[in-house]
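Asker: My structure is below; once you've seen it, I'll send some questions.
Every number here is computed from the coordinates shown, using simple stated rules; none is lab data. Owing to the predicted nature of the structure, the values given are computational and were not obtained by experimental measurement. Positions of Cβ are backbone-derived with ideal geometry, glycine not excepted, and every protein chain shown enters the neighbour counts.
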């Protein structure tokens, strides 16, 4: 219930960012700091509680920065955030598999160790990361697969960049319709 409440607050903050003329003007007049703002917004776009406000900032910056450049910068920020999240989830998952009751649950343990899961899990995780949904579940699925860190970083950078670019393009289309 608390998570839902925090998400609702985040959603209303995002709407406020999009609706407030003063914030809109302030974001567009960041000058040389626009790129830093894009990186920071990309960093926070990966989390459930910060995704909506971050996307609102990116959609506003989309008016001042070329969408491809904005996507690359925000994708870099998203990849950095995903890296930190992956480090946390991987250590937590290793601990869970090593010590917890998960070893006693034979069915769940077989699913995680199944060859099919090692192919489908990362695929589903990649789709989640590329989507506008927060990355936590996708990172967890990639963490279970034991993907090599260099490949992981390249993959999340590519997926975050593509996902942000598509959101920015979709935002442009909606803005032109309104």
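Asker: Separation of segment 126-172 and segment 31-53 by C-alpha centroid, Å?
Answerer: Using only Cα atoms to place each centre, the spacing works out to 15 Å.
Asker: Can I ask one more? When you count, for each residue, the other Cβ atoms within 10 Å and take the mean per peptide, how do 143-151, 43-51, 120-128 rank with the highest first?
Answerer: Ranking, from highest mean packing down: 43-51, 120-128, 143-151.
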